[in-house]
Amino acid sequence: AEYLVEQKKQSLDKTALDTSRPVTTWVHDIFQGLLENETRCLCCETITRREEPFLDLSVDIDENTSLTACVRKFSSREVLRGGEKYFCDHCGCLQEAERRLTLRRLPPLLCLHLKRFKFVEQLGRYARLPYRVVFPMELRLMCTDPLRPQRLYQLLAVVVHIGANLSHGHYVCCICSHQTWFLFDDHNVRVIEPEVLESFYGSSDESEGLRCGYLLFYKAVDEDICVDQSVLPPSPDPSHTAL
């Protein structure tokens, strides 16, 4: 183990000396994917493509929708006009354009951020969106990588926001370990049934919409991601912790 750690350290040191490429860590190995940003000028039809690495995907949400629909909307085409016009190098000026983000490469561990806070100009502050968004236990995504055009993911963890707005609230986390779900609430840890996750979909009902899934972590089923067991709490006694 010490040999492997030393080899990794030497590799990072060599990479740090090479300023032509960014330093990567285990975070990038696990979470980093690749997007392709394609923009087409609606005046001259020139298409530009740019690859963009990501560690998480932030997706817009709507009322009574699903995570699959949100991801599909993330990759849909949008027209840039008005104050969002695109500067076309070929035209030499701002032009209306069509833009689309596509998944180029999918990571071993996918982090999805549900955009539950939206700035409202009339209020001058961020408003919370308690919309119901159903997130599945399994998620299959497609990408343009010819070597791995699709990946099947399983839900690994959910970070839940409990509260009425951005300034006030509390966060808890649900994590699946060895096919058992645990709820982490500060120093309290208890076993929960998978069905409990449905209560974190969100709701426009004020009394039910206070607990909403905010960050979703999906693990690719073809990846074996090792977790340092020393950072995990002792296995709880089911007779005392189960709901």
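A few remarks follow.
- Computed from label points 7 Å out along Cα-Cβ, the spacing between residue 119 and residue 167 is 1.7 nm.
- In terms of surrounding Cβ atoms within a 10 Å radius of their Cβ, 158, 172 rank from fewest to most as 172, 158.
- Exposure proxy ranking, count of Cβ atoms within 10 Å, fewest first, for 131, 214: 131, 214
- Residue 25-residue 195 FRET efficiency (beta carbon distance; Förster radius 51 Å; 0.05 resolution): 0.90
- Between residue 96 and residue 179, the C-beta separation translates, for a Förster distance of 45 Å, into a calculated FRET efficiency of about 0.35.
- Estimated FRET transfer efficiency when R0 is 35 angstrom, pair residue 62-residue 152 (beta carbons, to 0.05): 0.90
- For the range 20-88: rounded, prolate or oblate by the Cα gyration tensor [a/c cutoff 1.5]: oblate
- Contour excess over end-to-end distance, with Cα ends at residue 36 and residue 186 and 0.36 nm allotted per residue: 50.2 nm
Quick note: the coordinates plus some simple rules give every number you see, no bench work behind them. If you're wondering where the values come from, they're calculated on a predicted model, not measured in any experiment. Neighbour counts run over all protein chains shown; Cβ positions are idealised from the backbone, glycine included.
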